[in-house]
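Below is one structure, written out as structure tokens; comments come after it.
The values are calculated or read from the model by the stated rules, or taken from the named source; none is laboratory data. It should be emphasised that the depicted structure is a prediction, and the values quoted were computed from it without experimental measurement. Virtual Cβ from ideal backbone geometry, glycine too; neighbours counted across all protein chains shown.
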Amino acid sequence: MSGTQDHPGREIDLSRSPLIRTIPFDKNAVDPIAECLGVAATVAPFRLPSSTVWQLTVSGEHNLDRPNRPVVLITLWPGIHRVDVIAGPATTVFTDVQTVDLVPGVEIQFRRGNRDLLIVAAVGKVIVRA
């Protein structure tokens with residue numbers, strides 16, 4: 001059985017939750033990303049000559065397994081399709097970001113065109129699949 005089901009005149013994808021919203025990664029994605037993670041987006045103290053850079057801090061306080069987990073700092077560079085994530089001693093620089101999947105209250109998935117992705121969970125976990 002496939003992940004789709006035929007209906008008269010249309011096809012419905014059953015493999016994806018209707019709660020997940022996919023948006024392009026551009027300056028208009030900043031507020032929905034922050035809202036989805038339940039944090040504020042602020043303008044970074046630095047910028048590119050042609051575009052604004054944004055920062056978000058995810059505290060991880062809602063992580064029941066490790067409530068004292070260190071914060072995650074996300075830097076959004078929509079003008080150059082880049083996302084930087086600092087989590088503890090690790091830094092991830094993810095380039096060529098094309099779209100963002102918003103999973104409200106759970107996570108953000110930053111996607112490249114080739115299906116690589118960077119996930120930042122609302123509880124402060126960071127996952128890279130490349």
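Annotations for the structure displayed:
- The lone criterion from (1) under 19 Å from residue 29 (Cα atoms); (2) touching a Leu at 6+ places or on another chain (Cβ under 6 Å) left unmet by residue 86 is number (1).
- Boolean, residue 74 is part of a strand (DSSP E or B), β-branched (Val, Ile, Thr) and modelled with pLDDT under 95: no
- Test: residue in segment 27-43 that is in a loop (DSSP other than H, G, I, E, B), at pLDDT below 90 and either farther than 22 Å from residue 106 by Cα or not β-branched (Val, Ile, Thr) (or both): yes
- Every test in (1) buried (at least 19 other Cβ atoms within 10 Å of the Cβ); (2) more than 18 Å from residue 53 (Cα to Cα); (3) without any contact (Cβ under 8 Å) to a residue 60 or more places away in the chain is passed by residue 83 save one, and that test is (2).
- Selection status of residue 61, among the acidic types (Asp, Glu), modelled with pLDDT under 85 and out of contact with any Lys or Arg (no Cβ under 7 Å at 6 or more places or on another chain): yes
- Residue 74 vs. criteria crowded, with 20+ Cβ neighbours inside 10 Å and of a type outside the set (Ser, Thr, Tyr): yes
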